[in-house]
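A.B. asks: I'd like to ask some things about the structure below.
Please treat every number below as a calculation from the coordinates, not as lab data. Bear in mind that the values here come from a model prediction, so they are computed numbers and not experimental data. Note that we place each Cβ from the backbone using ideal geometry, even for glycine, and neighbour counts take in every protein chain shown.
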Amino acid sequence: MRPPEAWPPAIALAGPTASGKTAGALALAAVLGRRMPVEVISVDSALVYRGMDIGSAKPTQQERAAVPHHLIDVRDPLQAYSAAGFVQDATRLMAQIRARGALALLVGGSMLYFRALFDGLAPMPPADAQLRAQLQARADAQGWPALHAELARADPVTAARLAPGDSQRIQRALEVWLLSGRPLSDFHAQGACAGLRACALFSLEPQDRAWLHARIAQRFDAMLAAGFVDEVRGLRARGDLHADLPSMRCVGYRQVWDELDLQAAAPGAPLNLERLRARGVAATRQLAKRQITWLRSMPQRHALACDHPQAVAQLVQAVLQRLEQRAA
């Protein structure tokens, strides 16, 4: 292999939820670490929140001890975190990691964060509290699917990648449109910030969706068995969190929160675990579908079959080959 000095500024590993990114990242760190220390930068909008461990499939303490991890547990669930904030943090961390003589490994499934990092985000209108309140009032009266339909007329590109119930992102997209007269997709496409196009992007994608769906169901069952519901109960017990916060809108957390609301409305009634499981698995499958759609819009990626029996070995080999080509 060529000298580490010739390696790219970072290696990126993306993929839908439950595609095996953590296992792939640890394998890469073990192999690449023989030549150069490796540090992981999480590219995940849920892992940034403290106290949200089970439902976010946060790397274990043992995994974090084996390889240094960044951008995990850096926000309280009451605080928001944005793609622009991620770009600022990740860029700073990559420079620090490089200065330490190590390689940054960007790992996660928040595709907007990857897109912002690679292509940049043009300056967008800041949040407008009054307009957001108006949009929320309309959503309360008409439902978010109605506002999603409105967004589809103004910004079909953004609407196509959002679920009709994705209130947070629908609200922001409409806010940008109403404040600027320009669709959110235009700002994303403009990419006024310097992107990191030299970063090598590898993507774990299933050839058989049924394989991924089975993994999603198995993982959600494991989360429930590990105490996911109690984790959300603890977050609710704080008293300062609510269902409309970005943290509580994360897939899985929103579904548990809603079921706990239903249980609270019927004192003495047991939690409907069957319905919770069905809703949680369905929402996670929808998330995975959106993630795959985002990935397929990134032509620079090197796609690998995550459902191949030797997926991890193939990933390691592909990265090694890319590093050789980069330095040739």
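A.B. asks: Among Cys250, Cys306, which comes first, second and so on when ranked by fewest other beta-carbon atoms within 10 Å?
C.D. replies: Fewest-to-most Cβ neighbours within 10 Å comes out as Cys250, Cys306.
A.B. asks: Give a residue-ordered list of calculated ³J(HN,Hα) values for the range 84-93 (Karplus: 6.51 cos²θ - 1.76 cosθ + 1.60, θ = phi - 60°; whole Hz; x for Gly, Pro).
C.D. replies: 5, x, 4, 4, 4, 5, 5, 4, 4, 5
A.B. asks: Note down the relative contact order for the range 211-286 as a percent, whole number, built from C-alpha pairs under 8 angstrom at least six residues apart.
C.D. replies: 36
A.B. asks: Go ahead and estimate [θ] at 222 nm for the chain from helices alone: -39,500 (n - 2.57) per DSSP H run with n ≥ 4, summed, over the residue count, rounded to 500.
C.D. replies: That comes out to -17000 deg cm²/dmol.
A.B. asks: Turning to a different aspect of this structure: Could you grab the relative contact order for the range 129-185? Cα pairs under 8 Å, six or more apart, rounded to a whole percent.
C.D. replies: Here the relative contact order equals 33 percent.
A.B. asks: Debye sum, Cα scatterers, the range 191-291, no solvent: what log₁₀ I/I(0) at q = 0.17 1/Å?
C.D. replies: -0.85
A.B. asks: May I pose another question? In sequence order, what are the phi-derived ³J(HN,Hα) couplings for the range 310-325 according to the Karplus relation 6.51 cos²θ - 1.76 cosθ + 1.60 with θ = phi - 60°, rounded to whole Hz, with x for glycine and proline?
C.D. replies: Rounded to whole hertz, the list is 10, 4, 5, 5, 5, 4, 4, 5, 5, 5, 4, 5, 5, 5, 5, 5.
A.B. asks: Taking H placed 1.01 Å from N in the peptide plane, check which residues at least 5 places from Phe202 or on another chain put their amide H under 5 Å from its amide H.
C.D. replies: Long-range HN contacts for Phe202: Ala12, Leu13, Ala14, His302.
A.B. asks: Give me a comma-separated list of calculated 3J(HN,Hα) values for the range 26-37, in order, Karplus coefficients 6.51, -1.76, 1.60 applied at θ = phi - 60°, integers in Hz, x for any Gly or Pro.
C.D. replies: Those phi angles translate into 5, 5, 4, 4, 5, 6, 5, x, 5, 10, 7, x Hz.
A.B. asks: Then there is this: Fewest to most neighbouring Cβ within 10 Å: what's the order for Val74, Val40, Val251?
C.D. replies: If I rank by nearby Cβ atoms, fewest first, I get Val74, Val251, Val40.
A.B. asks: If you don't mind, another one. Between the range 119-136 and the range 143-165, what's the alpha-carbon centroid distance in Å?
C.D. replies: If we compute the Cα centre of each part, the gap is 16 Å.
A.B. asks: If you take the C-alpha gyration tensor of the range 129-185, multiply each eigenvalue by 5 and take the square root, what semi-axes do you get, largest first, in whole Å?
C.D. replies: In descending order, the three semi-axes are 16, 14, 8 Å.
A.B. asks: What share of all Cα pairs of the chain, in percent, falls into each consecutive 10 Å distance bin?
C.D. replies: It works out to 5, 24, 34, 25, 10, 2, 0, in whole percents.
A.B. asks: Treat every Asp and Glu Cβ in the range 32-172 as -1 and every Lys and Arg Cβ as +1, leave all other atoms uncharged, and give the resulting dipole magnitude about the Cα centre to the nearest 20 debye.
C.D. replies: 420
A.B. asks: Additional query: In which sequence would Lys21, Lys58, Lys289 go, from the one with the fewest C-beta neighbours within 10 Å to the one with the most?
C.D. replies: Lys289, Lys58, Lys21
A.B. asks: Against the longest alpha carbon principal axis of the chain, how many degrees, from 0 to 90 and to the nearest 10, is the axis of helix 129-142 turned?
C.D. replies: 60
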